[in-house]
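The values are calculated or read from the model by the stated rules, or taken from the named source; none is laboratory data. Everything numeric in this text was worked out from a predicted model, so none of it was measured. Positions of Cβ are generated from backbone atoms using ideal geometry, with glycine treated the same way; all protein chains shown enter the neighbour counts. With ligands, DNA and RNA removed, areas are computed over all heavy atoms of the protein, side chains included. Shrake-Rupley method; radii C 1.70, N 1.55, O 1.52, S 1.80 Å.
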Amino acid sequence: MKDEERYVGKCLDTILANDFPMDQCEILVMDGRSTDRSRTIVEEKAAQYPMIQLLDNPKEIASTAMNLGIRAAKGQYIFRMDAHSEYPPNYIRTCLEELERTGAQNVGGRLITRPGSDSLVAKAIALVTQHPVGVGNSAHRIGLGDRYVDTVPFSAFHKSLFEKVGFYREDLVRHQDYELNARIRKAGGKIYLSSKIDVTYYNVPDLARFMRQAYFNGAWMVHAWLRTPGSFSVRHGAPLAFVSVLLGSLLLSPFFGVFKIASLAIIATYLLFIFAASLQISLRHGLVFLVVLPFLFASYHLCYGAATLIGILRYPFARKVPENSVSLPRDSSSASPAEPPSV
């Protein structure tokens, strides 16, 4: 977590309300130097529930947080559970059952996206990120389930998996989960999306943070691709392809008439495409959304694609860590005690 005072208390309440025995669990909260009341909220919960521990994450990014948690964990299973989410009462038990039933190395569920505020824009953002035009074939976002996929949100693993494929890459600020899943698949593992598992996730509340999300997701996806080529997917590359083709056509259109026609055709087709998607959503959720949805779709795609292009240009100058930095140390400090918690 980092600055999650709005959500972390409710998040912990939903975890504690699970029907799995909490005396067999430990809840490790990795805090990225929050400046709001997040730490205080967790400390108050920890005073009531001894299985909650608050750990410091001085590097303040998700990959280092996960690695700190994995190293500190004593149990047989690792669950990634982000602070701005809520979990159903059967979440832990069902994830464990699905891990054993499917034989998959990583199990997760469908993401039920909720708006980060009551504003029209926040509600529209939640709708954009649950529609195929917004997120492509991302199965966990568009309501699919019961299938093997390339990634899942808020994963559940056997801890022993990290001895085989390594830790999260700490040189990835974003997409560290997708890159890890690519390594799992490369090692012959499977990732299963279960319809029995749902997670409620609160998206960003305003346009500025939505564009920031799009920019950093687009820019850091390049780093994941080039560090682990198996992490490439068409849905993540589509905005880059769109922006690159459009930009190239616009730059060449003053010199070649065919590119002027191509530019107009691309723009017209794209506008028709996003308007059709916006109309489909608005007919289901309210025509008022037609005012903002086309703009949000276009802004998200253009920002994501442009950021990916910038990421490619900046990649040669990016800091890289050695490959062995993602490997799990094989020493006595990483061994589990004789009677570990299960989770």
Response to the item:
Taking segment 129-182 and keeping only residues that are in contact with a Lys or Arg (Cβ under 8 Å, 6 or more places away or on another chain), hydroxyl-bearing (S, T, Y) and open to solvent by less than 50 Å² (accessible area, probe 1.4 Å), one is left with T129, S138, S155
Fill in: Filter pass, G248 being part of a helix (DSSP H, G or I) and either in contact (Cβ under 8 Å) with a residue 12 or more places away in the chain or touching a Gly at 6+ places or on another chain (Cβ under 6 Å) (or both)
no
Item to complete: Could you tell me whether any residue of segment 38-45 is over 29 Å from S160 (Cβ atoms) and open to solvent by less than 30 Å² (accessible area, probe 1.4 Å)?
Response: yes
Fill in: Condition broken by M51, with the remaining ones in (1) buried (at least 18 other Cβ atoms within 10 Å of the Cβ); (2) of a type in the set (A, V, I, L, M, F, W, C); (3) touching a helix residue (DSSP H, G or I) at 6+ places or on another chain (Cβ under 7 Å); (4) under 15 Å from T14 (Cβ atoms) satisfied
(1)
Worksheet item: Which residue pairs have Cβ atoms closer than 7 Å, lie 6 or more positions apart in sequence or on different chains, and pair a first residue in segment 218-233 that is under 14 Å from Q176 (Cβ atoms) and in contact (Cβ under 8 Å) with a residue 60 or more places away in the chain with a second residue that is basic (K, R) and open to solvent by 30 Å² or more (accessible area, probe 1.4 Å)?
Response: W220/R174
Practice prompt. Report yes if R185 is within 22 Å of E4 (Cα to Cα) and either in a helix (DSSP H, G or I) or open to solvent by less than 20 Å² (accessible area, probe 1.4 Å) (or both), otherwise no.
Written response: no
Response to the item:
Within segment 19-39, residues closer than 23 Å to S63 by Cα and not acidic (D, E) come out as C25, I27, L28, V29, M30, G32, R33, S34, T35, R37, S38, R39
Worksheet entry | Subset tally (residues that are among the hydroxyl-bearing types (S, T, Y) and in a loop (DSSP other than H, G, I, E, B)) for segment 2-49 | 4
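Condition check ((1) at pLDDT 95 or above; (2) open to solvent by less than 40 Å² (accessible area, probe 1.4 Å); (3) over 26 Å from D171 (Cβ atoms); (4) not in a helix (DSSP H, G or I)) across all residues:
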site	(1), (2), (3), (4)
M66	yes, yes, no, no
I78	yes, yes, no, yes
R93	yes, no, yes, no
L96	yes, yes, yes, no
